[in-house]
Protein chains: 2
Amino acid sequence: MKMNDYIELVNNSIEKFMPINYPHKIFKAMKYTVTLPGKRLRPVMCLESCKIFGGNYEDALPTACAIEMLHAQTLIHDDLPCMDNDMYRRGQLTNHMVFGEAHAVLAGDALLTFAPQIILKNSKNLDSNKLIKIMEEYFQAAGAYGVIAGQVVDIESEKISQSFDKDDEQLPEILSYIHTHKTADLFKLALRTGAIIANASEKQLEIITEFGQTLGIAFQIADDILDETSTFEEMGKTMGKDKAEGKLTYTSLYGLEKSKKDLNKLISKCFNILEENHLQSDIFNEILNRINIK
Amino acid sequence: MKMNDYIELVNNSIEKFMPINYPHKIFKAMKYTVTLPGKRLRPVMCLESCKIFGGNYEDALPTACAIEMLHAQTLIHDDLPCMDNDMYRRGQLTNHMVFGEAHAVLAGDALLTFAPQIILKNSKNLDSNKLIKIMEEYFQAAGAYGVIAGQVVDIESEKISQSFDKDDEQLPEILSYIHTHKTADLFKLALRTGAIIANASEKQLEIITEFGQTLGIAFQIADDILDETSTFEEMGKTMGKDKAEGKLTYTSLYGLEKSKKDLNKLISKCFNILEENHLQSDIFNEILNRINIK
């Protein structure tokens, strides 16, 4: 499978999994953000992780799509006026700009339980023990121990960083916490569930988790660099906002040059993890090359 | 078990299931609304349903508490400024008034996946097939086919009812839809999961579902009556708001007198369901007597 084949498969499956039922406006709002044009990184990682550990990637398709829905949920709520107050996402108006704030809150809520429902309804090839494991992984990553922890500390860090002193010893730790939970946790969820579906061993799960953690941090550093150096036209969202708001980011803490250097190092580490463990994957290579900024 | 024993058991278990982990503010916000003084109707229904169908109510305790957490989630988000914009709940400030809007949104999000996580972590006596069934019931009731559908149509009905004509044929249907999903769905979730844990038969599940549906509508009619006839001191929340905002309610559609009459009828129907099916329960009797308004 090539990257575009995976993406097409994911897009078609999302279409199939998300009919517009009654009450129509809520299902439309849910689908709106899930189907915005995107790179589908997380579902592709899930499918590829299943494949490299010897599984049938089709068995991972409902889980892969559910993780994209969870990702969309985080975007909808992060964009709300009371959070990041963003008007554009992937070049389109954000959810609350189209459907109103109340429906955007409820669409996010609905996706949080719709996503695992899709897994249970459509994973007939997986036994109930495996499904329970996937549910556990999903709840851990989606909740207050996962992506929400990252978002909470991110919001709270805005206050810290307004008066922030670059020598503050706590800042690197806080930043690493935010990036781990806000970004790497969903990468790890995608990779780990794909591996679990393929019956990967504990050792293999450890390896793919370390890969996901490293890739997640790299991805977030790249995102922070692009926030400073790109335009709206290139990225489809308002850029330079983090800096303007004095947010704690990798570039605000370490500067552009060191950020690029550390990004390169983390990408190299990802390649090494794959090589050392004989995990050959054109897909993972392609993702790593896309994220890297020379 | 008496009502107060159940309530104490539920309160103690919630205390045990909800430690204040890092990031502290989000766990505090989650716990704040869950532990507001309340009647614990839904968890008590879950435990009692398990008991009357021959199960061990202790096996249902994590599920019962999870349903109270889900209920709290709906309250937190319904109270938000972009929804019902309520400042008080159970006599205390609402979640966003204490923790801010961003944290209130995230606390609700977190509860949606924390609740089923509590079930999976603490239900060691239940096999994985039963756990999957409980997850399916939970997702169905919590999401866009359940309580969120009710909230969405409730919000949308405000516009309809501003210019509403009492002879409009659609209104009774819309109102019944709102009450079924916004209220009865969580009652049915509590009763059905309790019954499932007790290995109830399909026929028994049907009976308890009909009981929950009838009780849920009765409860909502009583709530609509009290919204018109009670004070803040009696109810712990701002009253008369629905009427002031021209919301579609049972009393606005049918008037106080017919509302009370219909409430009495539904309560009688609930007693009949229990009697016809030889389901003796002092707890259910007590709940029915409490809801009734003569």
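The values are calculated or read from the model by the stated rules, or taken from the named source; none is laboratory data. None of the values given here were measured: they were computed from a predicted structure. Glycine also receives a Cβ, built like all others from the backbone with ideal geometry; neighbour counts cover every protein chain displayed. Only protein heavy atoms, including side chains, enter the accessible area calculation; ligands, DNA and RNA are left aside. Shrake-Rupley method; radii C 1.70, N 1.55, O 1.52, S 1.80 Å.
Values as computed for the structure displayed
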quantity: Residue list for the stretch B:166-191, filter: in contact with a Gly (Cβ under 7 Å, 6 or more places away or on another chain), within 22 Å of B:Leu279 (Cβ to Cβ) and not hydroxyl-bearing (Ser, Thr, Tyr); calculated: B:Ala184, B:Asp185, B:Phe187, B:Lys188, B:Leu191
quantity: Index of the failed condition, B:Lys237 passing every other in (1) more than 19 Å from B:Tyr177 (Cα to Cα); (2) out of contact with any Phe, Trp or Tyr (no Cβ under 6 Å at 6 or more places or on another chain); calculated: (2)
quantity: The listed residue being under 18 Å from the mean Cα position of the chain (by Cα), away from chain A (no Cβ under 14 Å) and without any contact (Cβ under 8 Å) to a residue 40 or more places away in the chain, out of B:Ala184, B:Ala190, B:Ala144, B:Ala195; calculated: B:Ala184
quantity: Tabulated pairs, the stretch A:114-126, first facing chain B (nearest Cβ under 7 Å), second open to solvent by 10 Å² or more (accessible area, probe 1.4 Å), C-beta under 8 angstrom, 6+ apart or interchain; calculated: A:Gln117/B:Glu136; A:Gln117/B:Gln140; A:Leu120/A:Leu131; A:Leu120/B:Ile132; A:Leu120/B:Glu136
quantity: Matching residues, the stretch A:15-53, being surrounded by fewer than 21 Cβ atoms within 10 Å (Cβ to Cβ) and among the acidic types (Asp, Glu); calculated: A:Glu15
quantity: Condition met for A:Ala102 (within 14 Å of chain B (Cβ to nearest Cβ), aliphatic (A, V, I, L, M) and within 20 Å of A:Gly212 (Cβ to Cβ)); calculated: no
quantity: Qualifying positions in the stretch A:15-64 - of a type in the set (A, V, I, L, M, F, W, C), closer than 21 Å to A:Arg290 by Cβ and under 17 Å from the mean Cα position of the chain (by Cα); calculated: A:Leu36, A:Leu41, A:Val44, A:Met45, A:Cys46, A:Leu47, A:Ala64
quantity: Some residue of the stretch A:41-54 being acidic (Asp, Glu), more than 23 Å from A:Ser230 (Cα to Cα) and away from every other protein chain (no Cβ under 13 Å); calculated: yes
quantity: The stretch B:1-22, residues that are outside any loop (DSSP other than H, G, I, E, B) and touching a residue at least 60 places away in the same chain (Cβ under 8 Å); calculated: B:Met3, B:Tyr6, B:Phe17
quantity: Whichever residue in the stretch B:205-233 is polar (S, T, N, Q), open to solvent by 20 Å² or more (accessible area, probe 1.4 Å) and within 20 Å of B:Lys188 (Cα to Cα) and, among such residues, is farthest from the chain's Cα centre (by Cα); calculated: B:Thr209
quantity: Count of residues meeting criterion [free of Cβ contacts under 8 Å to residues at least 24 places away in the same chain, within 20 Å of the chain's Cα centre (by Cα) and crowded, with 18+ Cβ neighbours inside 10 Å] in the stretch A:234-273; calculated: 2
quantity: Contacts under 8 angstrom Cβ, first residue in the stretch B:67-88 being facing another protein chain (nearest Cβ under 10 Å), partner open to solvent by 10 Å² or more (accessible area, probe 1.4 Å) and in a loop (DSSP other than H, G, I, E, B), 6 or more apart; calculated: B:His77/B:Met83; B:Asp78/B:Asp84; B:Asp78/B:Asp86; B:Cys82/A:Gly100
quantity: All helices (runs of 4 or more DSSP H) inside the stretch A:68-144 with 3 or more residues being surrounded by fewer than 23 Cβ atoms within 10 Å (Cβ to Cβ) and in contact with a helix residue (DSSP H, G or I) (Cβ under 8 Å, 6 or more places away or on another chain); calculated: A:101-122, A:128-142
quantity: Yes/no for A:Leu131 being out of contact with any Asp or Glu (no Cβ under 7 Å at 6 or more places or on another chain) and facing another protein chain (nearest Cβ under 7 Å); calculated: yes
